[in-house]
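First the structure, in the form of structure tokens, and then the observations on it.
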Amino acid sequence: MPKHSRRKDSFSILLLEGIHNSAVELLHKRGYSNVESLTKALDEAALIEKIAGVDMIGIRSRTQLTETVLKAAKRLFSIGCFCIGTNQVNLGAARRAGIPVFNAPFSNTRSVAELVVAEIVMLLRGLHERSAAVHRGQWPKSAKDSYEMRGKVLGIIGYGHIGTQLSVLAEAMGMEVRFFDIVRKLALGNARPCGTLEELLQVSDVVTLHVPDTQATRGMMGAVQLNQMKPGAYLINASRGTVVDIEALAQALRGRHLRGAAIDVFPREPASNDEVFESPLRGMDNVILTPHIGGSTLEAQENIGVEVADKLIEYSDNGSTIGAVNFPQVALPTREQNPGTRFLHLHRNVPGVLRQINEVFASRNLNISAEYLQTDPEVGYVVVDVDGSVDDRQVQVELGQIDGTLRVRFLY
Ligand code: NAI
């Protein structure tokens, strides 16, 4: 196991908001024994007090890592968001402080795909409407508006991680899959791409959205697009609330152009479980409404724990910043592939830093076996592998004196 310029059990790790125990287990297994795990988020004052002595922090969506909080985080060297979103962190302030932020964008892919499969069955059979009616004492036993999914066309908008996973599941259940993506994608199984969004809307019995929130996707399903869908078709959105114009959707459902919809994400969502949910879709029996739970399963939580803890460990043990959302991405060979000593230097992106780094090594006759550099307009990250086991604090001190240095450490 590689050694650090600091003992691993001296790293203080704070996990907040009930992060799955899979994270703690992995950190322990990899030698990080000093982990404190709290079930709650901390408010700003408590966080400022606590974070001063913390080296790595793990949060979910409720903890706000503001610039003020980060200023107090003198020792902090990485942040793990054990969720998808990272807007609860001031990413720019973290970058300027030399702190990479990691998240778990793909741990709940399967959970979303499974939810959508269930919703396709529910919509095509009117299950939610019938169940509600039977609860009220009615008995709507009929085949009216009930269909098998076999042979129906599923139109997937956004053929990424979730879209492709869904494609495989839907085909296994007999659906014909068409998809539309702005990037050329490898079609899985018998799925076929559509040249335009309009084409997809016109041929699909069920349309499902799996795109990110970007300028191009905001409002991409408005009145015009909903109108282009087949009469009697269904719409599913478990991607981002901004993608569908909800007023236009409510209109299309009221006018019976669409037979039903399943919506998991909304333009405005309650900030907590105690707040009232408002939407023009409320009260419409032919709409399945869920509270943004597409990715919320215990399996996903467990996967997220492992995925983010693994990224924090990789960065700490190896220096790799792959997957960091606010930082130059540096992929590095493992310490086993490249033994010797690895120096990691984070600095503000000012001219002359690389030359000065190289001088420190040249002046000692140390043989550089590999050097990696990535910069963005604000920060630079240089990783230098040198031959042999150089447990030399003086190198670290000299590297630390270079103008613009944010942080230096080494692995040997
Ligand atoms: P991904 O990044 O793997 O795939 C997104 C795909 O959309 C990419 O193939 C991309 O090329 C495509 N795309 C981007 N802009 C497009 C456009 N204008 N038109 C057509 N295609 C476009 O993302 P992933 O992991 O599949 O997630 C998809 C969405 O699901 C994201 O918005 C994510 O935030 C959301 N999500 C929702 C969850 C929930 O709880 N409901 C849980 C997890 C993810």
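The values are calculated or read from the model by the stated rules, or taken from the named source; none is laboratory data. For clarity, every value in this text was computed on a predicted model and none was experimentally measured. Counting neighbours? That spans all protein chains shown, and the Cβs are built from the backbone with ideal geometry, glycine included. To get the accessible areas, we keep the full protein, side chains included, count just its heavy atoms, and leave off ligands, DNA and RNA. Shrake-Rupley method; radii C 1.70, N 1.55, O 1.52, S 1.80 Å.
With just the Cα atoms defining each centre, how far is segment 75-93 from segment 314-332? Give it in Å.
Using only Cα atoms, the two centres lie 14 Å from each other.
Taking the Cβ of Ala94 as the center, what net charge do the other residues with Cβ under 15 Å away carry, scoring Lys and Arg +1 and Asp and Glu -1?
Values: positive: Lys71, Lys74, Arg75, Arg95, Arg96, Lys311, Arg348, Arg407; negative: Asp55, Glu67, Asp376, Glu378.
Value of the local net charge: +4.
To the nearest 20 Debye, how big is the dipole of the chain about its Cα centre, given +1 on the beta carbon of each Lys and Arg and -1 on that of each Asp and Glu? Mind showing how you got there, number by number?
Working: 44 positive and 46 negative charges, 61 e Å.
Approximately 300 debye in magnitude.
Let me know the shape class of segment 5-163, please: from the alpha-carbon gyration tensor, a ≥ b ≥ c as square roots of the eigenvalues, rounded when a/c is under 1.5, otherwise prolate if a/b is greater than b/c, or oblate.
Values: a/c = 2.90, a/b = 2.63, b/c = 1.10.
Note, shape of segment 5-163 comes out prolate.
If you place +1 on the Cβ of every Lys and Arg, -1 on the Cβ of every Asp and Glu, and leave all else neutral, what size is the dipole of segment 53-150 about its Cα centre, to the nearest 20 Debye? Working shown, then result.
On the way: 14 positive and 7 negative charges, 41 e Å.
Charge dipole, segment 53-150, about its Cα centre: 200 debye, nearest 20.
Take the cross-link list Lys50/Lys71; Lys8/Lys29; Lys71/Lys311 and give me the ones stretching past 18 Å between alpha-carbons. Before the final figure, lay out the partial values.
Working: Lys50/Lys71 12 Å; Lys8/Lys29 12 Å; Lys71/Lys311 23 Å.
Pairs exceeding the cut-off: Lys71/Lys311.
Taking the Cβ-Cβ separation of Asn358 and Ala331 as r and a Förster radius of 22 Å, what is the calculated FRET efficiency to the nearest 0.05?
On the way: r = 21 Å, r/R0 = 0.97.
That pair, Asn358 with Ala331, gives E of 0.55.
For Tyr147, list long-range residues whose amide hydrogen, built 1.01 Å from N in the peptide plane, is under 5 Å from its own amide hydrogen.
Sorted by chain and number, the residues that satisfy this are Arg125.
Cα centroid distance between segment 231-271 and segment 158-211, in Å?
About 19 Å separates the Cα centre of segment 231-271 from the one of segment 158-211.
Suppose we take every Cα in segment 330-412 and form the convex hull; what volume per residue is that in Å³? Don't skip to the end; give the middle numbers.
Values: hull volume 6.3 nm³, N = 83.
Dividing the Cα hull volume of segment 330-412 by its residue count gives 76 Å³.
Farthest toward the dipole's positive end in the chain, which of Leu289, Ala132, Ser204, given Cβ charges of +1 (Lys, Arg) and -1 (Asp, Glu) about the Cα centre?
Positive-end residue among those listed: Ala132.
Can you compute the equivalent ellipsoid semi-axes for segment 32-85, i.e. the square root of 5 times each eigenvalue of the Cα gyration tensor, sorted largest first and rounded to whole Å? Don't skip to the end; give the middle numbers.
Values: eigenvalues 45, 41, 26 Å².
Sorted largest first and rounded, they come to 15, 14, 11 Å.
What's the ranking of 70-82, 268-280 by average number of surrounding C-beta atoms within 10 Å, highest first? Working shown, then result.
Values: 70-82: 20.8, 268-280: 10.2.
Highest-to-lowest ranking by the protection proxy: 70-82, 268-280.
Is it possible to state the helix-based mean residue ellipticity at 222 nm for the chain, with each DSSP H run of 4+ residues giving -39500 (n - 2.57), the sum divided by total residues, to the nearest 500 deg cm²/dmol? What is it?
Value at 222 nm, helices only: -9000 deg cm²/dmol.
Kirkwood Rh, segment 74-159, all Cα pairs: how many Å? Mind dumping the intermediate values first?
Numbers: mean 1/r = 0.0578 Å⁻¹.
About 17.3 Å, per the Kirkwood formula over Cα pairs.
For the chain, what is the percent of antiparallel DSSP beta bridges, rounded to the nearest 5?
On the way: 23 of 60 bridges.
So the antiparallel bridges in the chain amount to around 40 percent.
Using mean Cβ contacts within 10 Å as the protection proxy, how do 89-98, 167-176 order, highest first?
On the way: 89-98: 19.4, 167-176: 17.2.
By packing density, highest mean first, the sequence is 89-98, 167-176.
In segment 330-412, if the dipole is taken from +1 on Lys/Arg beta carbons and -1 on Asp/Glu beta carbons about the Cα centre, which of Val384, Phe361, Leu406 is farthest to the positive end?
Going by the Cα projections, it comes out as Leu406.
Around Glu269, what is the net charge, scoring Lys/Arg as +1 and Asp/Glu as -1 over all other residues with Cβ under 15 Å from its Cβ?
Values: positive: Arg62, Arg240, Arg268, Arg282; negative: Asp213, Asp264, Asp274, Glu275, Glu278.
Summing Lys and Arg as +1 and Asp and Glu as -1 gives -1.
Of the accessible area of segment 109-289, with the probe set at 1.4 angstrom, what percent is carbon plus sulfur? Walk me through the numbers on the way to the answer.
On the way: 4810 of 9210 Å².
Percent of accessible area from carbon and sulfur atoms in segment 109-289: 52.
Find the accessible area per residue for the chain; the probe is 1.4 Å, ligands and nucleic acids are left out, and the unit is Å². List each step's numbers first, then the result.
On the way: 19350 Å² over 412 residues.
Spelled out: the 1.4 Å probe surface of the chain, per residue, equals 47 Å².
If R0 is 56 Å, what FRET efficiency do you get for Thr196 and Leu38 from their C-beta distance, rounded to 0.05? Could the numbers behind the result be given before it?
On the way: r = 50 Å, r/R0 = 0.89.
That pair, Thr196 with Leu38, gives E of 0.65.
Cut-off under 15 Å on the C-alpha distance; same-chain residues fewer than 8 positions from Lys144 excluded. Which aspartates and glutamates are left, in chain and number order?
Within reach: Glu129.
So what does log10 I(q)/I(0) come out to for segment 109-289 at q = 0.14 Å⁻¹, using the Debye formula with one equal point on every Cα and no solvent?
Listed by q, the Debye log ratios stand at -0.73.
With a 10 Å cut-off between alpha carbons and a GNM built on the chain, which of Ala187, Ala23, Ala45 moves the most?
Between Ala187, Ala23, Ala45, it is Ala45 that shows the largest mean-square fluctuation.
May I ask for the Rg/Rh ratio of the chain, computed from Cα atoms with Rh as the Kirkwood radius, given to two decimals? Kindly include the intermediate steps, with their values, before the conclusion.
Working: Rg = 25.6 Å, Rh = 24.0 Å.
So for the chain, dividing Rg by the Kirkwood Rh gives 1.07.
Note down the magnitude of the dipole of segment 330-412 about its Cα centre, charges +1 on Lys and Arg C-beta and -1 on Asp and Glu C-beta and zero elsewhere, to the nearest 20 debye. Intermediate values should be presented prior to the final figure.
Values: 8 positive and 11 negative charges, 28 e Å.
With Lys and Arg at +1 and Asp and Glu at -1, about 140 debye.
Could you order the peptides 152-159, 141-148, 284-291 from most to least packed, using the average number of other C-beta atoms within 10 Å per residue?
Working: 152-159: 24.5, 141-148: 10.9, 284-291: 16.9.
For the peptides 152-159, 141-148, 284-291, the packing ranking is 152-159, 284-291, 141-148.
Heavy atoms only, probe 1.4 Å: what % of the accessible area of segment 330-412 goes to carbon and sulfur, would you let me know?
Details: 1860 of 3930 Å².
C and S atoms contribute 47 percent here.
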